[in-house]
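Worksheet: one structure, shown below.
Quick note: the coordinates plus some simple rules give every number you see, no bench work behind them. None of these values were measured; they are calculated from a predicted model. Here the Cβ is made from the backbone with ideal geometry for all residues, glycine too, and neighbour counts use every protein chain on show.
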């Protein structure tokens, strides 16, 4: 990543776009803006971004639809959703569609900058806060917590920053049950709620499990949380 991470702010409110562009630029970021999903797609096709700040409710294609489409296309650029609806169901919907974090409107711009930096840290390194574990085996592949990479004979499996952070937290404490609260703290989203953690786990299982419906490695421990059980 360059010294100045490049952000794309997508919001149909021209006043808010301008305010965020100026504020985030003052915080040391390069900032491009787009007024809707179509303009965002055009920008994504011609430039590389380190993170998207994406409004949920926009005319035409919504932010949720856009991020879901990007994930289907294999684009793993981190996404911070801005939403006027801050209920747990709305937050979970953002995670289900592929967002890395959310922020409810109205918000303090300083909190936005802090969340952007936290996501970028996870995306570039995603090291666990606890001592780094040795690589763990997940079937025919190995996960390296220090690098945040899942490797096998078929190459390196791409993980989002959030997925790598989640797998790192579990790998460092492999065999130990982590509560949803512990996991949310490890992901840097302590207020996300239990359902949001469940969504993140479901997304990760799609990448590490032979059959996500019958998890072999990332197992649920009823009423307690989740545990990673590495193995061949």
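With springs only between Cα atoms under 10 Å apart, run a GNM on the chain and tell me which of 82, 178, 54 wobbles the most.
Result: 178 has the largest fluctuation of those listed.
Of 84, 164, 174, which has the largest mean-square fluctuation in a 10 Å C-alpha GNM of the chain?
84
Under the 0.36 nm per residue contour assumption, what length would be gained going from the current alpha-carbon distance of residue 147 and residue 214 to full extension?
In short, 21.4 nm is gained.
Let me check against my output: what whole-number percent is the relative contact order of segment 6-124, with C-alpha pairs under 8 Å and at least 6 apart?
So the answer I get is 23 percent.
Using r as the Cβ-Cβ distance of residue 134 and residue 72, and R0 as 30 Å, what FRET efficiency do you calculate, to the nearest 0.05?
With R0 = 30 Å, the Cβ-Cβ based efficiency is 0.35.
Using label points projected 7 Å from each Cα along Cα→Cβ, tell me how many nm separate residue 156 and residue 47, to one decimal.
Here the answer is 2.6 nm between the modelled labels.
Taking Cα pairs under 8 Å and at least six residues apart, what relative contact order does the chain come out at, in percent?
14 percent
Taking only the alpha carbons of the chain, what extent do you get along each of the three principal axes, in Å, biggest first?
53, 35, 31
Starting from the Cα-Cα distance between residue 18 and residue 177, subtract it from 0.36 nm times their residue separation and give me the gain in nm to one decimal.
On the way: separation 159, 0.36 × 159 = 57.24 nm, distance 4.54 nm.
Computed gain between residue 18 and residue 177 is 52.7 nm.
Please state, rounded to one decimal and in Å, the Kirkwood hydrodynamic radius that segment 136-228 gives when every pair of distinct Cα atoms enters the mean of 1/r. Intermediate results must be reported in sequence, preceding the final value.
Working: mean 1/r = 0.0758 Å⁻¹.
Taking the inverse mean of 1/r over all distinct Cα pairs, segment 136-228 comes out at 13.2 Å.
Can you tell me the relative contact order of segment 136-228? Whole percent, Cα pairs under 8 Å, sequence separation 6 or more.
On the way: 116 pairs, mean separation 23.3, N = 93.
Across segment 136-228, relative contact order equals 25 percent.
Rounded to the nearest 0.05, what FRET efficiency do residue 229 and residue 194 have when you use their Cβ-Cβ distance and R0 = 30 Å?
On the way: r = 21 Å, r/R0 = 0.71.
Once rounded, the FRET efficiency stands at 0.90.
How large is the helix-only mean residue ellipticity at 222 nm for the chain, computed as the sum of -39500 (n - 2.57) over DSSP H runs with n ≥ 4, divided by its residue count, in deg cm²/dmol to the nearest 500?
-12000 deg cm²/dmol
Give me Rg/Rg_expected for segment 6-124, where Rg uses Cα atoms only and Rg_expected = 2.2 N^0.38 Å with N residues.
Here the answer is 0.95, to two decimals.
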